[in-house]
Amino acid sequence: MNGKVLVSGVSLILVVGVAIGVVVVANNKNGSSSDPQVATHEKNVQAMCANTEDPKVCHDVLSTAPTTNTSDPKIYIKTIVEAAAKSVIKALNMSGRLSLEHGEVDPGIKMALDDCKDLMEFAMDSLEAAVNLVRDHNIQALHDQSPDFRNWLSAVISYQQSCMDGFNNETNGEDKVKEQLQTDGLDHMGKITGITLDIITHLSKILEELGLKLHLNPGSRRLLEVDNEGFPTWFSAADRKLLNKVQRKQATPNAVVAKDGSGKFKTIKDAIASYPKGFKGRFVIYVKAGVYAEYVTVPKTAVNVLMYGDGPTKTIVTGHKNFVDGVKTMQTATFANVAKGFIAKSMGFENTAGAAKHQAVAFRNQGDMSAFFDCAMHAFQDTLYVHANRQFYRNCEISGTIDFIFGRSATLIQNSRIIVRKPNHGQSNTITADGTVQKNMATGIVIQNCEIVPEKALFPERFQIKSYFGRPWKDYSTTVIMESNVGDFIHPDGWSPWAGTQFLNTLYYAEYKNVGPGANVNKRVKWKGYHPSISEKEATKFTVGQFLRGGPSGKAEDWLKATGVPFQLGFTRS
């Protein structure tokens, strides 16, 4: 296993080297300042770095860009993306080395390091997508696809943070391994990726300062629309027909799963394993009614899977892995998806470990441009791990107690039912815990047009047990509750601190046009980062059409229409 990892690391270095295709040329430090090319180069570097979190580090990196064509800002973006890729490779190699040194000492350390190696490879995938975009397109295209670019960079930071999150046991030496991994790789990786993200976020302003005029695409700013069938206009005709067939139970699946043997497969894992290498199109898996006690992962190679069942109370995937029993949070998931374009419909996912077992994930999702319709995710703490990338949930039911919708992704949950459960004695409830750690990350959790209610067991004690919309997991935690019906059990404060005054000035929490007895904002927290009533213009940023933008044109419909899941792109209420 360890030997295989080292080979993988070497392969990645070669792949990235080929993909980037950029030779970094050091500038002549002794060059005359009167040289107009050098002067232009320095001016460009200053413009690129002005709005970054660490201008000095940014300047040090971009100063190595070649001065042969200072009129093309792409050379600076290539340079910073290459630096980010090198930082990930270094972190990957470091995790491999530490695994050889410490992996056999303690199972917890080995599990955390194995997760880190996987996460660094996912980070390389995201950066390779960014590299290809820079290599194959001009600056206009880079600007138009900045939502994709920002998503990929945000995912890299998510993976970096998730790697560190895995080291959470100080009694067995995990803290020392974590410190070494941070010092020798992860911290630099996060900083360089963050600087790249800052540059892409402010690209329009930077290009203006450099005197470059772009043709701004007005279509990237308009809201998406729903057609007369209730499907988003971003759906392809083929996928729209396919979802209609699924709804009418007339679809012909590529694989059928049934516990009673009436399908080709008896387990979901076997059906996923049948995904053909190099398959093109949408691979459809029908999971018949039944309770499937198995742990499932959709691998990154199984792109565009549509998995549907007979209903979230009939087709259920169940598990009970949990943190108390020694499993890292990432690995507690009953069902995990890491593939792009995944769609789940009419299925239930649960983790039955219970509140006493702490972190116990029902579904972990990091698949970009993934969608869920008529699904249920039930557990207690950490039910739905919205790990990374763009995710959309519609007509779903999500239940839990502590931080039960958490992660570092761009997640929008629409027209769904959020059920708060009864926690352990002495605990309070927090629906969300967003982990946005850098201010320009394209991440956050939006809950739109949902019902937020207590479960029956909580109802009699709903005023004694405190329940909140969320708490800030990281510095720039971002969560918006909008156009939703809020039950009376939500504490008047609305939001709970993580630890004292930590993150209260930098977070972004907002509410917009909510109704119900728990929607009154008069007694809400008075934090600097909390906005009790944002404007319509501000709220528009958190609608589907803006928050989940992507694709070559920068429009959300470019990927949502391929999912077949109905949605509303703008506001749900007039």
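Between Gln180 and Lys249, the FRET efficiency from the beta-carbon distance, with R0 = 51 Å, is close to 0.40.
Highest average first, the peptides 134-140, 442-448 ordered by how many other beta carbon atoms sit within 10 Å of their residues are 442-448, 134-140. On full extension, the segment bounded by Thr501 and Asp270 gains 78.3 nm, given 0.36 nm per residue less the C-alpha separation. For Gly470, the residues 5 or more places off, or on other chains, whose built amide H falls under 5 Å of its own are Ile431, Thr432, Ser496. The alpha carbon centroids of the stretch 112-144 and the stretch 189-208 are separated by 14 Å. Across the stretch 347-357, rounded Karplus estimates of 3J(HN,Hα) from the backbone phi angles (6.51 cos²θ - 1.76 cosθ + 1.60, θ = phi - 60°) give 9, x, 10, 9, 10, 9, 4, x, 4, 5, 8 Hz, Gly and Pro being marked x. For the pair the stretch 302-379 / the stretch 458-505, the C-alpha centres are spaced 24 Å from each other.
The amide H of Asn485, built 1.01 Å from its N in the peptide plane, has Cys450, Glu451, Ile452, Val515 as neighbours under 5 Å, considering only residues 5 or more places off or on other chains. If the segment from Thr313 to Lys241 were pulled out straight at 0.36 nm per residue, it would be longer than the present Cα-Cα gap by 23.4 nm.
Applying 0.36 nm per residue to the separation of Asp72 and Ser533 and subtracting their alpha-carbon distance, the gain on full extension is 161.7 nm.
For Ala289 and Asp106, the FRET efficiency from 1/(1 + (r/R0)^6), where r spans their Cβ atoms and R0 equals 35 Å, is about 0.25.
Computed over Cα pairs, the Kirkwood radius of the stretch 364-494 leads via Stokes-Einstein (0.890 mPa s, 25 °C) to a diffusion coefficient of 170 µm² per second. Residues whose amide H lies under 5 Å from that of Ala293, counting only those 5 or more places away or on a different chain, are Thr318; hydrogens are built 1.01 Å from N in the peptide plane.
Rounded to a whole number, what is D in µm²/s for the stretch 309-428 from Stokes-Einstein with the Kirkwood radius over alpha-carbon pairs (20 °C, 1.002 mPa s)? Answer from the Stokes-Einstein relation: 155 µm²/s.
Here the Karplus curve 6.51 cos²θ - 1.76 cosθ + 1.60, taken at θ = phi - 60°, turns the phi angles of the stretch 172-186 into couplings of 10, x, 4, 5, 6, 5, 4, 4, 5, 5, 5, 4, 8, x, 5 Hz, with x standing for Gly and Pro. One compactness figure for the stretch 239-560 is 0.97, namely its Cα radius of gyration divided by 2.2 N^0.38 Å. Highest-first packing order for the peptide set 502-509, 320-327 is 502-509, 320-327, based on the mean count of other beta carbon atoms within 10 Å.
Quick note: the coordinates plus some simple rules give every number you see, no bench work behind them. Being a predicted model, the structure only gives us computed values, none of them experimental. So basically every Cβ, Gly included, is an ideal-geometry build from the backbone, and we count neighbours across all protein chains shown.
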